[in-house]
There are 2 protein chains.
Amino acid sequence: MAVSSRRAFEDFSVGLRFRSFGATTVTAERIKSFAAEFDPQAPHLDEAAADRSTFGGLVASGWHTAAIAMRLIVDSDLGLAGQGAGLAVQSMTWPLAVRPGDALRVEGEVTETRPSRSRPEQGLVTFRVTAFNQHDQPVLEAQHLVMVARRSALGPAE
Amino acid sequence: MAVSSRRAFEDFSVGLRFRSFGATTVTAERIKSFAAEFDPQAPHLDEAAADRSTFGGLVASGWHTAAIAMRLIVDSDLGLAGQGAGLAVQSMTWPLAVRPGDALRVEGEVTETRPSRSRPEQGLVTFRVTAFNQHDQPVLEAQHLVMVARRSALGPAE
């Protein structure tokens, strides 16, 4: 895991852009094993059944795509790693299915920052994030609200 | 996987309640292995570091909790299995952390149904769902929008 920086609340500002350092390639095997554990529905589990579905082939569970997007956010220059606590997802959509062999990356932008009223050592940061496939087509769009420590509350870098 | 019924769009109505058939117990091992793949941050990865974090101990990634909740929705009497396609999550919050040994179940309710304008063979169903731990404390609250086939478009039961 490459983490280039660790930002305190004061280091986030509206318009700050971030992107993942790399990309994650999705395999048919992991699509099926993730679905067997978390979303056992035919289009994610079985190629033959998926071919007959409206998807016309095996597609990742949206929750698999969402989990991959989280990993790409951690492995990005947003700088949340090790200190951010997710409070809410304010919206999440899957504009296009993720298929075996797709290579996903994320890009995003901070859309709001505000101090926490109840926790003076914390601030709230809202960002939107889009996961793209290798054809630069959006496959997931989401808006996240996270709690981030203020600089005064941050310990030494790990 | 126990699926008691398979509902067409016409079978959903506002106020319809559903619940998972069983519960899923979350282990420390799976919390850590899920996080290593999808959300490698200290509170989800390492007991000692988690003890020093604001959580005071190992907690599941919110995306792990969300994936477990999806499995519980599939294994519920909502009847989505095999035909529902998730379009969007309209909100999702994590009111309380999930810790090793917690046993999660879900309950929910349909909040809106409407025909699809663009796809006459489909309808849109909105439901809210809450995942509870074994102390009946909410650990995840979400609102989902899914596309469901109309009865005329449903094939024979699988």
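Look through A:Gly101, A:Gly108 and report the one residue that is more than 14 Å from every other protein chain (Cβ to nearest Cβ), crowded, with 17+ Cβ neighbours inside 10 Å and not aliphatic (A, V, I, L, M).
After applying the criteria, what remains is A:Gly108.
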Tally, over the range B:8-51, of residues that are more than 21 Å from B:Val139 (Cα to Cα) and out of contact with any helix residue (DSSP H, G or I) (no Cβ under 8 Å at 6 or more places or on another chain): 6
Is it the case that A:Leu72 is under 16 Å from the mean Cα position of the chain (by Cα), on the phi < 0 side of the Ramachandran plot, within 14 Å of chain B (Cβ to nearest Cβ) and part of a loop (DSSP other than H, G, I, E, B)? no
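Condition check ((1) at pLDDT 90 or above; (2) more than 30 Å from B:Thr25 (Cα to Cα); (3) not in a loop (DSSP other than H, G, I, E, B)) across all residues:
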| residue | (1), (2), (3) |
| --- | --- |
| A:Val3 | no, yes, no |
| A:Arg7 | no, yes, no |
| A:Glu10 | yes, yes, yes |
| A:Phe18 | yes, yes, yes |
| A:Glu29 | yes, no, yes |
| A:Ala36 | yes, no, yes |
| A:Pro40 | yes, no, no |
If we keep just the residues of the range B:31-80 that are under 21 Å from A:Phe38 (Cβ atoms) and of a type in the set (Lys, Arg), which is surrounded by the fewest Cβ atoms within 10 Å (Cβ to Cβ)? B:Lys32
Looking at this structure, is A:Val125 over 13 Å from the mean Cα position of the chain (by Cα), at pLDDT 90 or above and surrounded by 13 or more Cβ atoms within 10 Å (Cβ to Cβ)? yes
From A:Gly123, A:Gly79, A:Gly108, grab the single residue that is within 17 Å of A:Ser13 (Cα to Cα), outside any strand (DSSP E or B) and in contact with a Lys or Arg (Cβ under 8 Å, 6 or more places away or on another chain). A:Gly79
Are any of the residues in the range B:18-27 β-branched (Val, Ile, Thr) and over 23 Å from A:Phe34 (Cβ atoms)? no
Please verify whether A:Arg17 is of a type in the set (Lys, Arg), surrounded by fewer than 16 Cβ atoms within 10 Å (Cβ to Cβ) and touching a residue at least 60 places away in the same chain (Cβ under 8 Å), treating the condition exactly as stated. yes
Enumeration of residues in the range A:14-54 that are within 12 Å of another protein chain (Cβ to nearest Cβ), within 23 Å of the chain's Cα centre (by Cα) and not polar (S, T, N, Q): A:Arg30, A:Phe34, A:Ala35, A:Ala36, A:Glu37, A:Phe38, A:Asp39, A:Pro40, A:Pro43, A:His44, A:Leu45
Of everything in the range B:55-68, what is farther than 18 Å from A:Ala69 by Cα and facing chain A (nearest Cβ under 9 Å)? Give them in sequence order. B:Phe55
Sort through A:Leu104, A:Leu96, A:Leu80 and tell me the only one that's closer than 22 Å to A:Phe18 by Cβ, at pLDDT 95 or above and under 14 Å from the mean Cα position of the chain (by Cα). A:Leu104
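The values are calculated or read from the model by the stated rules, or taken from the named source; none is laboratory data. As the structure is a prediction and not an experimental result, all values here were calculated from the model. Cβ atoms come from the backbone with ideal geometry, glycine included; neighbour counts cover every protein chain shown.
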